[in-house]
Amino acid sequence: MVVRDLYGRALRNLRISVTDRCNLRCAYCMPEEEYVWLPREELLHFEEIGRLVDVFVALGVDKVRLTGGEPLLRRDLPRLIRILAAKPGLRDLAITTNGVLLADQAVALRGAGLHRVTVSLDTLRPARFTALTRRDTHAQVLEGIAAVTRAGFTSTKLDMVVMRGVNDDELADLIEFARTVPAEVRFIEYMDVGGATRWSMDKVVGRAEMLERLERHYGTITPVAEESTAPADRYRLADGTVFGIIASTTAPFCSDCDRSRLTADGMWYLCLYAQQGTDLRGPLRAGADDEALASLIRPGWQERRDRGAEARLALRDRSPLVEVARLKQDPHLEMHTRGG
Ligand code: SF4
């Protein structure tokens, strides 16, 4: 079944946040010291996530990405992966992690049936990592990345949020590092989503500028021609190395966005920028059957008109999306709650 929204975009891709907690405090995501956390008793159990995924798969979802917060903080995550990997309708099951706990868990994740791993790696410099994340765990992240390859994963990705004056001098360094993993780099434009309370346009390094800098270093760069709803545009260096750029701030890709998001406590959001979500945990715990849950999800998607990043791009005076005080009242507005 294919369920389409008002712009004809299919429901295919579900990002599931399994916890809102994180063991880093990255400046672009969790810049504050204190946060309001989701109550533990409200977090979906693994079996509940499995039930909801069954309903989403029946409606056309075939790609699931586990996110957080930091998903590896969720106890016994391989058990959830085993539940999801057994679902025949899912053709892609991936995780995005900050890598801190990966070295210990990579083998178990692979054994449980996880297909792919994406690691956030914003810098190769330990002191810079500590300044950016306010934690001293850079070596653990690098060990985690090595462990992913040793565990047998392929198609690994390294995501770097590029910020002017912070890490924008490391573009080529990251490409060189990724070759050794091996992994594919994706440079992500700094976004003004909830949580990014210190965002400003002058800190954004746009796709055009990234390409210009990389061309100066590597010579001609060619776009990779492909049909895909993936957020990254991919490019090839003369030696064949491929990397991606996610131009979510300067060239949003809302027009073919097939992603929705489920928070760890069962709120379903149609867009990274959405201010309102649909509570699926309440009906699930009240005993709703699969058809009753589908009857919440199907019309929700069919009425979807979200194009959050495009709407932000159209604003003349662009400041952070949500003020700190409002974020503190409603943790669902945070990027770390809805899985980035
Ligand atoms: S801003 Fe919203 S609609 Fe646009 S790509 Fe991101 S999640 Fe999709």
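The values are calculated or read from the model by the stated rules, or taken from the named source; none is laboratory data. Just so you know, these numbers come straight off a predicted model, no measurement behind them. Cβ: placed from backbone, ideal geometry, glycine included. Neighbour counts: every protein chain shown. Calculation scope for accessible area: heavy atoms of the full protein, side chains included, ligands and nucleic acids excluded. Shrake-Rupley method; radii C 1.70, N 1.55, O 1.52, S 1.80 Å.
Does residue 188 count as of a type outside the set (Lys, Arg) and in a helix (DSSP H, G or I)? Let's see the steps before the verdict.
Values: of a type outside the set (Lys, Arg): yes; in a helix (DSSP H, G or I): no.
Considered against the rule, which asks whether it is of a type outside the set (Lys, Arg) and in a helix (DSSP H, G or I), residue 188 comes out as no.
One residue is enough: does the stretch 46-54 have a residue meeting the conditions among the acidic types (Asp, Glu), modelled with pLDDT of 95 or more, more than 24 Å from residue 297 (Cα to Cα) and open to solvent by less than 40 Å² (accessible area, probe 1.4 Å)? Spell out the reasoning first.
Our first condition is that a residue be among the acidic types (Asp, Glu); within the stretch 46-54, this holds for 47-48, 54.
Retained after the next criterion (residues that are modelled with pLDDT of 95 or more): 47-48, 54.
Applying the additional criterion that residues be more than 24 Å from residue 297 (Cα to Cα) yields none.
The answer is no, given that none of the residues of the stretch 46-54 is among the acidic types (Asp, Glu), modelled with pLDDT of 95 or more, more than 24 Å from residue 297 (Cα to Cα) and open to solvent by less than 40 Å² (accessible area, probe 1.4 Å).
In this structure, is residue 82 basic (Lys, Arg), in contact with a His (Cβ under 9 Å, 6 or more places away or on another chain), farther than 24 Å from residue 30 by Cβ and surrounded by fewer than 18 Cβ atoms within 10 Å (Cβ to Cβ)? Before you say what the answer is, go through the steps one by one.
Values: basic (Lys, Arg): yes; in contact with a His (Cβ under 9 Å, 6 or more places away or on another chain): no; farther than 24 Å from residue 30 by Cβ: yes; surrounded by fewer than 18 Cβ atoms within 10 Å (Cβ to Cβ): yes.
When the stated conditions are applied, residue 82 does not pass them.
For the stretch 208-230, which positions are over 21 Å from residue 182 (Cα atoms) and within 16 Å of the ligand (Cβ to nearest atom)? Show your work before the answer.
Step one: of the stretch 208-230, the residues over 21 Å from residue 182 (Cα atoms) are 208-213, 215-216, 219-220, 225-229.
228, 229, listed by residue number.
Taking the stretch 1-55 as the region of interest, how many residues are touching a residue at least 24 places away in the same chain (Cβ under 8 Å) and assigned to a helix (DSSP H, G or I)?
The qualifying residues number 11.
Show the residue pairs that are 6+ apart or on different chains and have beta-carbon atoms under 9 Å apart, the first residue being within the stretch 273-295 and within 16 Å of the ligand (Cβ to nearest atom), the second being at pLDDT 95 or above and open to solvent by 40 Å² or more (accessible area, probe 1.4 Å).
Close Cβ pairs satisfying both conditions: 278/296.
Give me the helices (runs of 4 or more DSSP H) completely within the stretch 80-157, filtered to those with at least 1 residues that are in contact with a Gly (Cβ under 7 Å, 6 or more places away or on another chain), on the phi > 0 side of the Ramachandran plot and modelled with pLDDT under 95, ordered by residue number. Show your work before the answer.
Values: elements: 102-112, 126-133, 138-150.
No helices (runs of 4 or more DSSP H) qualify here.
Check whether at least one residue in the stretch 232-251 is within 16 Å of the ligand (Cβ to nearest atom), open to solvent by 10 Å² or more (accessible area, probe 1.4 Å) and without any contact (Cβ under 8 Å) to a residue 40 or more places away in the chain, and report yes or no.
Residues of the stretch 232-251 that are within 16 Å of the ligand (Cβ to nearest atom), as a first pass: 232-233, 244-251.
Of the ones still in play, those that are also open to solvent by 10 Å² or more (accessible area, probe 1.4 Å) are 232-233, 246, 250-251.
If we keep only those that are without any contact (Cβ under 8 Å) to a residue 40 or more places away in the chain as well, we get 233.
Yes.
Residues that are under 18 Å from the mean Cα position of the chain (by Cα): which helices (runs of 4 or more DSSP H) entirely in the stretch 222-340 hold 1 or more of them? Spell out the reasoning first.
On the way: elements: 281-285, 290-302, 308-314, 324-329, 335-338.
Because the criterion is at least 1 residues that are under 18 Å from the mean Cα position of the chain (by Cα), the helices (runs of 4 or more DSSP H) in the stretch 222-340 that meet it are 308-314, 335-338.
I'm trying to understand the selection: among the residues of the stretch 134-172, which are open to solvent by 70 Å² or more (accessible area, probe 1.4 Å) and more than 26 Å from residue 113 (Cβ to Cβ)?
Passing the criteria: 134, 135, 136, 164, 165, 169.
Anything in the stretch 61-79 that is farther than 22 Å from residue 21 by Cα and open to solvent by 10 Å² or more (accessible area, probe 1.4 Å)? List them, or say none. Please lay out each step first, then the result.
Filtering the stretch 61-79 down to residues farther than 22 Å from residue 21 by Cα leaves 61-63.
If the condition is that a residue be farther than 22 Å from residue 21 by Cα and open to solvent by 10 Å² or more (accessible area, probe 1.4 Å), then 62, 63 are the ones that fit.
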